[in-house]
Each structure stands twice: as structure tokens, then as C-alpha cells.
Amino acid sequence: MTELAPLLPPAATAEPALPLRETAPSRRWRLRHGALALMVLAGLADAGWKMLAPPPAAAIAPEPTLGVARPLLRPVVQWDDYVGRFAPSQMVEVRPRVSGQITALHFHDGDIVHKGQLLFTIDQRPFQAALAEARANVASAQATLTLARADAARVSRLSGDEAISAAEIDALRARVQSASAALAAAQARARSRALDMGFTEVRAPITGRVSDRRVDVGNLVAAGDGAGATLLTTINALDPIYFTFDASEALFLKNQRAKAGENGEVEIRLQDEGSYRWKGRLDFTDNGLDPHSGTIRGRAVLANPGLFLAPGLFGNMRLANGGKVPTLLVPDAAIVPDQARKTVLVVGADGTVAARPVELGPLVDGLRIIRSGLSAQDRVVVSNLQAASPGAHVRTRPATIAPDSAAPPAPAASTPAAAQATFAR
């Protein structure tokens with residue numbers, strides 16, 4: 001029996017079969033999935049490392065260092081501010097007491113004149129004649145009285161012998177009394193004419209600065225009552241000089257409660273002055289407030305020996321309202337505004353910053369008066385304020401609080417609190 005040949009061709013049995021060739025899409029798929037697997041493995045490794053590694057130390061910000069100081073305790077004098085004008089302590093309108101013609105002028109406009117100094121002369125001739133006539137009448141009345149007394153003396157010696165009747169004696173005595181009265185009347189008229197003669201010399205009634213003349217030599221002037229007489233000039237007394245002002249009702253009540261008496265010390269500065277160089281005292285407060293303006297008139301008196309101050313000058317006055325008062329002061333830069341209130345930052349014993357609401361007063365040489373809200377033992381933040389915040393823990397270093405005399409005064413916002421203050425001397 002013959003053997004059957006295989007079905008496959010001889011070539012197929014002699015050589016091994018080759019693998020099928022890989023296509024491009026299948027290669028890309030395999031590479032993509034391999035990259036994703038690597039990424040997943042890297043993520044798992046990083047997470048495992050973070051879980052096994054110790055946590056890093058947290059970064060701690062350093063605590064800020066603030067300059068702190070206790071409030072400065074100093075006695076101060078608190079002042080209230082007023083505005084007013086200077087006025088003469090006396091003002092006189094010079095008017096003639098007799099009518100006549102001005103014959104001489106004895107001053108220059110604007111001079112300083114003294115009491116009793118001759119200013120004007122009125123024509124004296126009519127008054128000299130009237131005085132001479134009055135004196136002649138006095139002499140005549142004196143002669144009549146002398147004769148009447150002599151007649152009365154002669155008959156008085158005869159009355160005992162009944163040589164003269166009692167009626168004649170009474171008549172002679174009456175004549176003596178009538179002559180005596182006539183002499184007194186003549187003497188009074190002579191004194192009146194002498195006064196008129198004296199009034200022809202118009203003299204300064206007070207010492208002060210005279211204004212310009214209102215009439216010249218040769219003009220007729222008329223006497224009269226009050227303003228009916230001709231105005232010759234005016235004189236203002238300047239030493240002492242007054243400073244008049246109006247105070248509000250609030251300031252009036254404040255000073256009444258503070259019992260600032262009518263002899264309170266005042267200081268005044270002029271418009272071109274930076275300091276209060278003029279010293280005086282309060283000497284008058286009116287007896288009532290003006291119901292229309294709600295103010296009360298006041299007046300201070302100042303010495304003006306050099307006559308530098310003149311009536312009408314405008315000035316700023318401050319009045320001491322409570323004497324010397326121990327007061328706490330802090331730098332004005334240490335005040336922190338907090339909406340509608342003012343606060344000061346203080347540091348406690350544990351180094352914690354806290355905000356204290358305070359009531360402010362005026363400035364004194366760059367330092368702000370603290371009326372309430374602080375104690376003398378508080379530690380106030382005075383430097384590096386921008387690094388301080390309430391509730392924060394800080395480190396501190398000592399600082400100092402000192403007045404700055406070059407700092408300009410500034411009023412406080414509250415009213416009727418004192419607008420200014422100075423250190424007590």
C-alpha cells in the first residue's frame with residue numbers, strides 16, 4: 001500500500017511561519033495607554049511619599065516691635081477762645097460851653113494831650129466885659145450894704161432914750177438884710193461871668209489821643225445841651241485800654257460752673273502776631289444775655305503804656321477757665337480715628353494691643369490733652385503705629401513723650417471745651 005502525500009505544499013512544511021505585521025493604529029494605542037499608566041504610577045508614588053514624609057515646619061511671622069510710653073502728666077492752664085475788638089477806656093466829645101468865635105488852636109491833629117491842656121480859645125472880649133460889669137455890681141452892692149449897716153448902728157444907740165421909733169429901727173434892719181442879699185446875688189452873677197470867661201478856654205477833660213479838629217480858627221461855635229453844641233474834636237483814653245467781646249451761652253455757662261471769676265486772666269494776640277503777648281484781666285460781664293443772639297457782652301482791661309494798641313483793632317483773646325489742672329498728654333500722632341470716635345492704642349502686660357476710646361482736649365506744644373479714657377499707668381503706642389492692630393501680640397521698647405514748643409496750637413473739635421491750653425508756670 002502506498003503512503004499518501006501531505007496536503008500542504010512542500011515549501012510550507014520546510015520553513016516556519018512568519019508572525020503577522022503590527023499596524024500603526026495599534027501601536028499608538030499601546031503607547032498612549034503606557035504613558036497613562038506611568039502617570040498614574042508617578043501620582044501614586046508622590047502621594048505615598050507625602051503620606052510617609054514628616055510635615056514641614058510652619059512659617060511663623062515675627063512679632064512687630066512698638067515704641068510705648070506712659071502718658072505725660074503735667075499741670076496745664078486751659079483757655080477758652082474769644083474774638084473781639086479794642087475800645088477806649090474813656091471817650092470824650094469836646095464841645096464848647098459858651099458860644100463865640102474860635103480865635104486860637106493849641107494842638108495838632110492826633111496829638112497825645114493831657115488832662116487840663118488848652119485845646120481851643122473862644123473870643124474872650126464879650127465875656128471879659130460881662131465879668132467886669134458883674135464885678136462892678138458886686139462893688140455897688142457892697143457899698144449899699146456898708147451904708148445900711150452904718151445907719152442901723154447909729155439908731156441902735158438911740159433906741160434906749162426913745163429918740164427914734166421902733167418902726168424906723170425895724171426898717172433900717174430890713175435895709176441891712178436886703179443889701180446883704182443884693183450883695184450875694186451880685187457875687188453869684190460875678191462867679192457865673194467868671195465861669196463863662198473860663199469856658200472860653202476849651203481844655204482837655206482827660207488824657208489821651210486827640211482826633212482831628214472839626215472846626216478851624218475863625219468859625220463860630222454854639223453852646224448847648226448835649227449834642228446840641230458844636231463838636232470840636234474827640235479824645236480817646238488809651239492807657240488802660242478795653243477789649244470787648246461777645247461770649248456764647250455755652251461758654252458763659254461753662255465759666256459760671258468753673259467759677260472763673262470776673263478777675264480772670266486773659267491773653268490777647270493781634271492779627272499779625274503768633275503768640276499771645278498782651279496780658280490783662282476780665283473786669284466786666286454784662287447782667288444778661290441778648291435774647292436775639294444768645295450772647296453776653298464781656299470786657300477785659302489791659303495796660304497800654306506805650307499807646308501801641310488803638311481802638312478798633314481786631315484781636316483773638318483767650319480766657320483761663322479753671323486755673324492749673326493736672327492733665328494727661330500724649331502725642332497728637334498717637335490718636336487713631338475710629339469712625340466717629342477717637343482712640344488710643346495701648347499695650348497690656350501680656351503684650352496684647354487694645355484700643356481705648358478717649359475724649360480729647362486742645363493741643364499743648366504738640367501734645368494732645370486726654371480728658372478721659374486713659375490712666376497714668378497705661379502704656380501708649382507712640383511709634384510704629386502702622387504695625388499695631390487691636391488684638392495683636394507685639395514686642396515693646398521704651399519711648400519718651402516730650403513737648404514741642406515749635407508746634408502750632410490747634411483747637412479741639414468739641415465745644416464748649418477749652419480751645420487752647422498752656423503749661424502752667
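The values are calculated or read from the model by the stated rules, or taken from the named source; none is laboratory data. All of these numbers come straight from a predicted model, not from anything done at the bench. Ideal geometry is used to build each Cβ from the backbone, glycine not excepted, and the neighbour counts take in all protein chains shown.
Quick one: what pairs do we get from the stretch 287-312, first residue in the same structural domain as G264 (by TED's automatic domain parsing), second surrounded by fewer than 16 Cβ atoms within 10 Å (Cβ to Cβ) and assigned to a loop (DSSP other than H, G, I, E, B), C-beta under 6 Å, 6+ apart or different chains?
Within 6 Å, the pairs are I296/D286; R297/D286.
Which of the numbered conditions does A300 fail, given that it passes all the others? Conditions: (1) loosely packed, with under 13 Cβ neighbours inside 10 Å; (2) in contact with a Phe, Trp or Tyr (Cβ under 8 Å, 6 or more places away or on another chain); (3) among the small types (G, A, S).
Every listed condition holds for A300 apart from (1).
Considering only the stretch 304-331, state which residues are outside any strand (DSSP E or B) and more than 21 Å from the chain's Cα centre (by Cα).
Selection gives P305, G306, L307.
Just a yes or no: is a residue in the stretch 381-388 surrounded by 18 or more Cβ atoms within 10 Å (Cβ to Cβ) and at pLDDT 85 or above?
Yes - at least one qualifying residue is present in the stretch 381-388.
On the basis of being among the hydroxyl-bearing types (S, T, Y) and within 13 Å of A333 (Cα to Cα), does S383 make the cut?
Answer is yes for this residue.
What residue, of A152, A194, is among the small types (G, A, S), touching a residue at least 60 places away in the same chain (Cβ under 8 Å) and in a helix (DSSP H, G or I)?
That would be A194, the only listed residue that is among the small types (G, A, S), touching a residue at least 60 places away in the same chain (Cβ under 8 Å) and in a helix (DSSP H, G or I).
Got a number for residues in the stretch 332-351 being in contact with a Ser or Thr (Cβ under 6 Å, 6 or more places away or on another chain) and within 17 Å of R70 (Cβ to Cβ)?
So the answer is 1.
Between I369, I335, which is closer than 30 Å to G264 by Cα and either modelled with pLDDT of 85 or more or loosely packed, with under 13 Cβ neighbours inside 10 Å (or both)?
I369
I need a count of the residues in the stretch 371-385 that are in contact with a Ser or Thr (Cβ under 9 Å, 6 or more places away or on another chain) and of a type outside the set (V, I, T).
4
Go through (1) within 20 Å of T234 (Cβ to Cβ); (2) in contact with a helix residue (DSSP H, G or I) (Cβ under 9 Å, 6 or more places away or on another chain) one by one and return the number of the condition A139 breaks.
Exception for A139: condition (1).
So, in the stretch 77-99, of the ones that are modelled with pLDDT of 85 or more and among the aliphatic types (A, V, I, L, M), which residue ends up farthest from P205 (Cα to Cα)?
So the residue we want is V83.
Only residues that are among the aliphatic types (A, V, I, L, M) and part of a strand (DSSP E or B): list them for the stretch 379-403, please.
Residues satisfying the conditions are V380, V381, V382.
Among the residues that make up the stretch 217-229, is at least one of them small (G, A, S), touching a strand residue (DSSP E or B) at 6+ places or on another chain (Cβ under 6 Å), in the same structural domain as I102 (by TED's automatic domain parsing) and not in a strand (DSSP E or B)?
No.
Give me the residue from the stretch 152-171 that is closer than 18 Å to A181 by Cβ and out of contact with any Lys or Arg (no Cβ under 7 Å at 6 or more places or on another chain) and, out of that set, modelled with the highest pLDDT.
Taking the stretch 152-171 as the starting set, the residues that turn out to be closer than 18 Å to A181 by Cβ are 152, 170-171.
Those still in the list that are out of contact with any Lys or Arg (no Cβ under 7 Å at 6 or more places or on another chain) too: 170-171.
Details: D170: 78, A171: 84.
Among those that are closer than 18 Å to A181 by Cβ and out of contact with any Lys or Arg (no Cβ under 7 Å at 6 or more places or on another chain), it is A171.
When the residues of the stretch 225-275 are narrowed to those that are modelled with pLDDT under 85 and within 28 Å of Q117 (Cβ to Cβ), which ends up surrounded by the most Cβ atoms within 10 Å (Cβ to Cβ)?
Per the criteria, the residue is A227.
Considering only residues that are over 33 Å from the mean Cα position of the chain (by Cα), farther than 18 Å from V358 by Cα and in contact (Cβ under 8 Å) with a residue 12 or more places away in the chain, which ones fall in the stretch 370-387?
Matches in the stretch 370-387: N384, A387.
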